[in-house]
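Asker: One structure coming up, written as C-alpha cells, with questions to follow.
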Amino acid sequence: MNTISRDVVVIGAGASGLTVAHELTKAGRSVAVLEARDRVGGRLWTRDVDGASLELGGQWVSPDQDALLGTLAELGLETYSRYRDGADIFVGRDGTRTEFTGADLPLPQTTLTEIESLTAAMDRLAADVGAEEPWANPRAAEYDSVSFAGWLETQTDDADARDVIAMFIGAAMLTKPPHTFSLLQAVMMAASAGGFSNLVDADFILDKRVKGGLQQVPLRLADKLGDDVFLNSPALDVRTDDSRVTVSAGNVEVRAGHVVLAVPPNLIQRITFSPPLPRRQMQLHQHISLGLVIKVHAVYDTPFWRDAGLSGTAFDPHGLVHESYDNTNFGDTRGTLVGFISDERADGVLKLSPPERRERILDALARVYGDAARRPAVYYESDWAAEEWTRGAYAASFDLGGLARFGADMRAPAGRVYFSCSDIAGRGFQHVDGAIRMGRATAAALLN
Ligand code: FDA
C-alpha cells in the first residue's frame, strides 16, 4: 500500500474533479485525484472505433457555456460549428416525413400555436424559478408535486404539441419518460440553459464541437497534474476523524484535509463512509438517478444527405431515434450521423440481440435519411448504462418531489466531504459546463 499525504483528495477524474484539482494546484495546494477507470474523462471519451474518431460521451458546446469556453481557451483548444446547411427533417405521428427550413416544425398551425404558448409558459417559469436554487421558489413544492407529463395535460389537448415539448426535456435532456420527473425538474433543466427557448434551439444548444474531441479537456488537465492522478484506483472507503480524512483506493491510500466526491450522485452509495454521511445526504442520493440514452454513431463514405440538400438535423418524436444530426468530424471527408434512443425506447431495443438492435436502429435512420443510411462503414452504440463507473446517461436528476425536498442539501459539504459534478450544478446542469462550474466553485470553497 502506497500511503501519501495531500491537502485535498479528489475522487473521480472527470471534467469536474480535474477542474477542482487544477484550480487548487494553481493556488498552491497539493492534491491527489483517484480515478476508478483506466482513463480520465468519465463521461467524456473520444475514442477511435474501427478507424473513426467518435465522441462516445459529451461533445457539444453552446454559446452561453462560458465556464467551458474559458477552460477551452485556457487549454488552447479550438472549436468548429456543427454542420447545419440545408433542410431539416421532421417525421410526424403517422410516419410522414417532411423536409423543412426555419424554426417552425411542419405541423398544423393550431399545433404550432400550442407549441408557441407552451414554450412561452416554460420560458416564464424558467425565468421565475431560475437554475441555482429552484427549491427556494415559493411554489417549488407545488411544481415538484406534478409530473411534467401531467402538467402538459393540463395545458393543452393537443397531443402533438405535448409530445414535442415533452421530447425536448424528456427524451432529449433528462432521458427519462416525462411522467417520472416533475415540472420543477423540467423548469430547472430549462433554466440551466438560460431558458426553454435555448434548449429547443439546436443551433444554440448544439452549436460547436471541439477539434480533436472534447475529452482533450480532461486529458490536458490531467497532464498538468502529472503523477497526482492515480488511474485504476476505485475509492470505496472514506474515513474521517477530527484531524483528517483517509481514502483507500486499491494500492493507494491518501491522507488529506478534505475529500471531494467528483462522481455522479448515484455512485456515492457505493462508497463506505466512516462515520456515515449525514442522514440528509444518504436520503437524497436515493432520490437522484441517471437517465438512459443510447448514442448511435454511423459513419459513411460520404455525407450523402448533404448532396440531397439536407442538414442532417432530424426530429422523429414518435420514432425509435427521436433526434439525429450530422456529426462529421472537422476536416473529415467521410460523413457521420449521430442519433439518440432514449428511456423506454432504449429499454425496448436493449432487449434485442446486438445484430437485431443494429438492424432496428438503421431502419429508423433509413426512415429519415433514406436507404443509404442502412450501410454505414462504421457503426457503434455508446451504452453508458453498461459502464460500471457511470450507469446511465446523460446525467442524474431527481424523482418526483425530490428537488424541492432535498435540493438545498445536494451541494452542501458534510464536514470534510465536498461534492462536485455536473449533476448537481445550477447553470450548465447535466453539461460539461456545469461540471466545470461546480469544480471551480468547490475549489473556491475549499480555498476559503
Ligand atoms: P463524470 O461522470 O464525467 O466523472 C466522474 C468520474 O468519477 C468518472 O471518471 C468515474 O470513472 C469516476 N468514479 C466514479 N466512482 C468512482 C470511485 N468510487 N472512485 C474513483 N473514481 C470514481 N454534456 C455536454 O455539455 N454536451 C454534450 O453534448 C453532452 N452529451 C453527452 C452525451 C453522452 C452520451 C453522455 C454520457 C453525456 C453527455 N453530456 C454532454 C454530459 C457530460 O458529459 C457530463 O455532464 C460531464 O462530462 C460530467 O462530468 P463530471 O466530472 O461531473 O462526471
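Asker: Based on the alpha-carbon set only, what is the convex hull volume of segment 76-215 divided per residue, in Å³?
Answerer: 137
Asker: Then there is this: If segment 34-132 were replaced by its equivalent ellipsoid, with semi-axes equal to the square roots of 5 times the Cα gyration tensor eigenvalues, what would those be, largest first, whole Å?
Answerer: The three semi-axes for segment 34-132 are 35, 23, 15 Å.
Asker: Shifting gears a bit: Sorting check: for 282-288, 158-164, which peptide has the highest mean count of neighbouring beta carbons within 10 Å, and how do the rest follow?
Answerer: 158-164, 282-288
Asker: Still on this model: For the chain, set up a Gaussian network in which alpha carbons nearer than 10 Å are linked by springs, and say which option among Q185, Q59, Q269 fluctuates the most.
Answerer: With Cα springs under 10 Å in the chain, the top fluctuation among Q185, Q59, Q269 is at Q269.
Asker: With each pseudo-label sitting 7 Å past Cα toward Cβ, what's the R334-F204 distance in nm, one decimal?
Answerer: 3.4
Asker: Let me ask you something else. Based on Cα positions only, what radius of gyration and what Dmax would you give for segment 174-266, in angstroms?
Answerer: Reported Rg and Dmax, both Å: 19.5, 51.
Asker: Need one number for segment 124-175: average projected area of the convex hull over its C-alpha atoms, nm².
Answerer: Across all orientations, segment 124-175 yields a mean hull projection of 4.0 nm².
Asker: Same structure again: How large is the Kirkwood hydrodynamic radius of segment 281-388, counting all unique pairs of alpha carbons, in Å?
Answerer: 14.8
Asker: Please compute the alpha carbon radius of gyration of segment 17-65, then divide it by the globular-protein estimate 2.2 N^0.38 Å. Two decimals is fine.
Answerer: 1.51
Asker: If I histogram all Cα-Cα distances within segment 320-371 using bins 5 Å wide from 0, what percent of pairs lands in each bin?
Answerer: Taking every Cα pair in segment 320-371, the percentages come to 5, 19, 25, 23, 17, 8, 4, 0.
Asker: Let me ask something else. Tell me, what HN-Hα J-couplings in whole Hz come from the Karplus equation 6.51 cos²θ - 1.76 cosθ + 1.60 at θ = phi - 60° for each residue of segment 306-314, using x for Gly and Pro?
Answerer: Rounded to whole hertz, the list is 5, 4, 8, x, 9, 6, x, 7, 9.
Asker: If you don't mind, there's one more thing I want to ask. How long is segment 76-150 along each principal axis, judged by its Cα atoms, biggest number first, in Å?
Answerer: Taking the Cα atoms of segment 76-150, the three principal extents are 47, 45, 18 Å.
Asker: Turning to a different aspect of this structure: Would you list, by chain and number, the lysines whose Cα falls below 16 Å from the Cα of K176, excluding same-chain residues fewer than 8 positions away?
Answerer: Candidates past the 8-residue exclusion: K295.
Asker: Translational diffusion coefficient of segment 306-448 at 4 °C, 1.567 mPa s, Stokes-Einstein with Kirkwood Rh over Cα pairs, in µm²/s as a whole number.
Answerer: 71
Asker: Expressed as cubic angstrom per residue, what is the convex hull volume of the alpha carbon set of segment 59-107?
Answerer: 112
Asker: Can you list the residues of segment 204-228 with backbone N under 16 Å from a point 7 Å past the Cα of S53, pointing along Cα to Cβ?
Answerer: In segment 204-228, the label zone of S53 (backbone N under 16 Å from the point 7 Å along Cα→Cβ) covers 209-220.
Asker: Starting from one equal scatterer on each C-alpha and no solvent at all, send me the Debye-based log10 I(q)/I(0) for the chain at q = 0.07, 0.08, 0.13 Å⁻¹, two decimals.
Answerer: Debye intensities relative to I(0), on a log10 scale: -0.34, -0.45, -1.18.
Asker: Rounded to a whole number, what is D in µm²/s for segment 88-128 from Stokes-Einstein with the Kirkwood radius over alpha-carbon pairs (25 °C, 0.890 mPa s)?
Answerer: Result for D is 212 µm²/s.
Since every read-out is calculated from the coordinates, none of them should be taken as a lab result. Since we're looking at a predicted model, the values are computed, not measured. Heads up, the Cβs are rebuilt from the backbone with ideal geometry, glycines too, and the neighbour counts pull from every protein chain shown.
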